[in-house]
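Participant: Quick one: structure below, then a few questions.
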Amino acid sequence: MGVVLWYFLRPRAGELRPVPRSAVEAFFFGEGRLPCDEEGLVRFVEVLVRLQDRKAVEATRIAFPQCRALEDGTLDREHRQEVMALAGEVAFGGLALFEPPPGVVKAEHRFAKRRLEHLGRWKPTASEHAALRNLVNRKAGREIT
């Protein structure tokens, strides 16, 4: 039993296609390039698949991350740093050295969470969900989702 990550790129609205894990890793950790959409974002789908005897049996988690890219298709590392700082604010923003004054609700971390969701995730349409289901099942060689 094991797990594997499958990636699917969304270069344009309504279009999904498989992308090798090595291309995604090169985009994040090297000088790799991925095509961005008209908004300058690289949107992809990350599917965590459970394997049994090296065969896909279940899609256990599906995420829809997005990242800003530069004109040449490389990761906008400055924007990525801003998003990562926001993630820290979400994780630790609820911790405070001082209590707020009476009547003031400490909610900065909640707003940071909403900003992080807006910056770091995209929402697929129903047709994109259907296309993803077909792609995952085709890659698995049978229906798993």
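Participant: Looking at Ala91, Ala131, which one is assigned to a helix (DSSP H, G or I) and at pLDDT 95 or above?
Facilitator: Within the list Ala91, Ala131, the selection yields Ala131.
Matching residues to (1) crowded, with 17+ Cβ neighbours inside 10 Å; (2) in contact with a Leu (Cβ under 6 Å, 6 or more places away or on another chain); (3) more than 23 Å from Leu9 (Cα to Cα):
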| residue | (1), (2), (3) |
| --- | --- |
| Gly30 | no, no, no |
| Glu39 | no, no, no |
| Val47 | yes, no, no |
| Val57 | no, no, no |
| Ile62 | yes, no, no |
| Glu71 | no, no, no |
| His79 | no, no, no |
| Leu86 | yes, yes, yes |
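Participant: Being within 19 Å of Ala130 (Cα to Cα) and of a type in the set (Val, Ile, Thr) narrows it down to one residue among Val47, Val4, Val83, Val42; which is it?
Facilitator: Val47
Participant: Moving to a separate point now. Determine which member of the set Lys113, Lys106, Lys123 is assigned to a loop (DSSP other than H, G, I, E, B) and at pLDDT 80 or above.
Facilitator: Result: Lys123 is the single residue among Lys113, Lys106, Lys123 that is assigned to a loop (DSSP other than H, G, I, E, B) and at pLDDT 80 or above.
Participant: Moving on. Quick one: which residue in Gly73, Gly120 is small (Gly, Ala, Ser), within 30 Å of Glu31 (Cα to Cα) and touching a helix residue (DSSP H, G or I) at 6+ places or on another chain (Cβ under 7 Å)?
Facilitator: Gly120
The values are calculated or read from the model by the stated rules, or taken from the named source; none is laboratory data. Quantities reported herein were computed from a predicted structural model and do not represent experimental measurements. Backbone-built Cβ (ideal geometry, glycine too); neighbour counts: all protein chains shown.
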